[in-house]
Structures are given as structure tokens and as C-alpha cells.
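The values are calculated or read from the model by the stated rules, or taken from the named source; none is laboratory data. None of the values given here were measured: they were computed from a predicted structure. Positions of Cβ are backbone-derived with ideal geometry, glycine not excepted, and every protein chain shown enters the neighbour counts. Note: areas computed on protein heavy atoms with side chains; ligands, DNA, RNA excluded. Shrake-Rupley method; radii C 1.70, N 1.55, O 1.52, S 1.80 Å.
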Amino acid sequence: MASTSDFRNGMVIEIDGVLLQIVDFQHVKPGKGPAFVRTKIKKVMTGAVLDKTFRSGEKVTEVRLENRAMQYLYPDGDLFYFMDNDTFEQFPVSGDVIGDQVLYLKENLEAIGLFRGESLLMIELPNFINLEVVDTDPGIKGDTVSGGSKPAKLESGATVNVPLFIEVGDMIKVDRRSNEYLERAN
């Protein structure tokens, strides 16, 4: 059992048989009344995000998940196949479980699989991913300082805004959580 004071981002709890991952939380102490914790939680199986408020000190069941290193192999319809790096066992994962991360999948990408027992519950991709630009407007000489941006389509299918000097074929580092360009990759 864990208390609301133990909450942290990424923690998985179980309420009424449903696994929920804490995305964000905030302790609130109003001027009147008791303190409480406002959370944004995501259902592990469906990816649905909802808001929930807990009384301060309320007890919840914490679920310990096992992290395993995995590698993305290939898509097949609505399924995406990942391989456990230790056992070489392959796991089909539905696009619903991966959610918006599907825009950043590319072959041989390293990921973390979250397991409860022997069942794969979630896939976490790295926060920063290097991807190649496959389509964007051509850059113009002298556009390195102007501070403008343009959309660029990446090899994984995602589209991000990049500086004007980025060309087709450039490798860039992208933050998949915010869908933002960070820098050119080496």
C-alpha cells in the first residue's frame, strides 16, 4: 500500500481492478478545508487520460511492474512486434497500447516493456529519438539566423516544425513527448 505522499510521475496504481499510471500530480492545501492531491492518470490498458482527486493521506495499491529492454521489429496491420532483448521472445502490441508513440516507431528502436508477471502491459519509447527528415521545403541561404520554422516529415511518419536551415536527408533529434525539434543529430 502507498499513500498519496508517495505519489510520483510514472507510478502505477490499482483502483477497482484497473491499472492506472500517474502522469502528473499536485498537492493542494486550500485555505479552508483539508488538503488533497489532484492527479492526471492514464489507464494502462486503454491509454485514456482522466483527472482524479485523492484526499491527502489516502491509501492506494501500488503495482510493481518489471522493466525489460525491448527492440521494435516491424508492423503487421494494427499490431507492432517487439522483441525481448534477453529472451528473444516476440510480443505483438496493439496500436491502442502504444498510443501516440506510434508516430516515432522505426525499426531497431530500443524501448522499455513494462510487464506484470509474463504479460506485457505498456511500451515506453525513449524521450529523445533521432530521425531522418524525408520531406520539407528547401532551405534558403542565410536562413540560419532568422528564427523561422517550417514543417518537416520524418522517416517514422511524424511531422515536426524545424528551423529553416534543415534539409531533406538531415538527421534531427526530436522530443517525442512534446513533438518538438531539439537539434541536429550527429
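Dividing the convex hull volume of the alpha carbon atoms of region 19-162 by its residue count gives 159 Å³ per residue. Dipole orientation for the chain: of the candidates PHE7, LEU20, VAL49, PHE7 has the Cα lying most toward the positive pole (charges on Cβ; Lys, Arg +1; Asp, Glu -1). Note: relative contact order over the chain, using C-alpha pairs below 8 Å and six or more positions apart, is 14 percent.
Cross-link reach is defined here as a Cα-Cα straight distance under 16 Å, omitting same-chain residues fewer than 8 places apart; for LYS43 the lysines meeting it are LYS52.
Accessible surface area normalised per residue over region 33-186 is 57 Å², counting heavy atoms of protein chains with a 1.4 Å rolling probe. Each listed q (0.22, 0.30 Å⁻¹) maps to a log10 I(q)/I(0) for region 45-96 from the Debye sum over equal C-alpha point scatterers, namely -0.92, -1.18. Of all the accessible heavy-atom surface of region 91-132, with the other protein chains kept in place and a 1.4 Å probe, what percent is carbon and sulfur? Reported share for carbon and sulfur atoms: 50 percent. Available extension along the chain between GLU62 and ASP96 is 9.9 nm, counting 0.36 nm per residue and deducting the alpha carbon span. Label sites at LEU50 and LEU182, each approximated as a point 7 angstrom past Cα along Cα to Cβ, lie 3.3 nm apart. In the structure shown, the pairs LYS106/LYS153; LYS40/LYS150; LYS32/LYS59 are assessed against 25 Å; a Cα-Cα span above that value is assigned to LYS40/LYS150.
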